[in-house]
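Worksheet: the structure to be examined is printed underneath.
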Amino acid sequence: MQYSVEAITLTTVKYGDSSLILSCFTKQYGLQSYMLKGILSSRNNKKIPRSLFEPLNLLELEVPKNSKDRLGYIKEAKLHYPFQSIPFDLRKKSLLFFLAEVISQVVKEEQEVNLGLYDFLKTRLLWLDTEDQVGLFHIKMMLDLTKFIGFYPNLTQKNAPFFDLKTGCMGSTKTHPDFLEGKFKNYWIQLFGVKFDAIENIRLSKDEKSDLLKYVVRYFQLHLQQFKPPKSTEILNEVFK
């Protein structure tokens, strides 16, 4: 039986000479993988073009519900929402490549439905497509993701001098290297407290933005097993210099 599924594309991996394996986060079933058989072949009739599966595209798929021990196949695919600005904006495309790496690691255990997380991702992608000031989008996105994956920080003692990346709490003493202090502690608190629509009011230099992102990635490493820094981080920092 075929089902209509909303999906956010994550990654594709080449399989054989002409096929791809697609990983995507679906509204109905959580994380799923599908075989795109022959999509790279010169004889492909382009009924399902490869361009549909760019990172974090919003799709509608006609698919079977996957069993846990085998890949499904996509019968039909189309854009659920065609992005208006992202495909033509190098900054935004760079953000999506970076965030696709992050989200792929975050959702790899999400085999069940998680409507809250799916709606959060979809809403933020639609926001990115309509806004212009997006220099802190990836940092804010990662910080807000922690609400859905179990390590949203405790910031109740905002006047404490340090933020402990290991415990996720404010503190008054430093007992290891993974602490934020000074301006970076203040940026951290600001970004957790601000709404997406107001992130442009937080002004950081290129170096400050790059350093803050390193702290965010470190926070994820400390709280998610086997989390790896995204390979596209350097490219992203260069685009937003």
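The values are calculated or read from the model by the stated rules, or taken from the named source; none is laboratory data. Owing to the predicted nature of the structure, the values given are computational and were not obtained by experimental measurement. Glycine gets a Cβ as well: all are built from the backbone with ideal geometry, and neighbour counts include every protein chain shown.
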All but one of (1) closer than 23 Å to residue 10 by Cα; (2) loosely packed, with under 12 Cβ neighbours inside 10 Å; (3) not acidic (Asp, Glu) hold for residue 218, so report the exception by its number. (2)
Reported set for segment 36-64 where residues are part of a strand (DSSP E or B) and under 30 Å from residue 91 (Cα atoms) is 36, 58, 59, 60, 61
Quick check: anything in segment 135-144 surrounded by 20 or more Cβ atoms within 10 Å (Cβ to Cβ), in contact (Cβ under 8 Å) with a residue 40 or more places away in the chain and not in a helix (DSSP H, G or I)? yes
Can you confirm whether segment 223-234 contains a residue that is in the same structural domain as residue 188 (by TED's automatic domain parsing) and at pLDDT 95 or above? yes
Note on segment 207-241: residues assigned to a helix (DSSP H, G or I), touching a Phe, Trp or Tyr at 6+ places or on another chain (Cβ under 7 Å) and under 20 Å from residue 97 (Cβ atoms) are 209, 212, 220, 221, 233, 236
Taking segment 41-62 as the search range and keeping residues that are over 18 Å from residue 122 (Cβ atoms) and not polar (S, T, N, Q), which one is modelled with the highest pLDDT? 62
Any chance residue 149 is touching a residue at least 40 places away in the same chain (Cβ under 8 Å), in the same structural domain as residue 183 (by TED's automatic domain parsing) and over 23 Å from residue 210 (Cα atoms): yes
Given the conditions (1) in contact with a Pro (Cβ under 7 Å, 6 or more places away or on another chain); (2) at pLDDT 95 or above, every one holds for residue 99 apart from (1)
Counted residues in segment 1-27 being at pLDDT below 90 and either of a type in the set (A, V, I, L, M, F, W, C) or under 25 Å from residue 126 (Cα atoms) (or both) come to 2
Based on this model, can you work out whether residue 197 counts as under 30 Å from residue 113 (Cβ atoms), surrounded by fewer than 17 Cβ atoms within 10 Å (Cβ to Cβ) and either under 16 Å from the mean Cα position of the chain (by Cα) or modelled with pLDDT of 95 or more (or both)? no
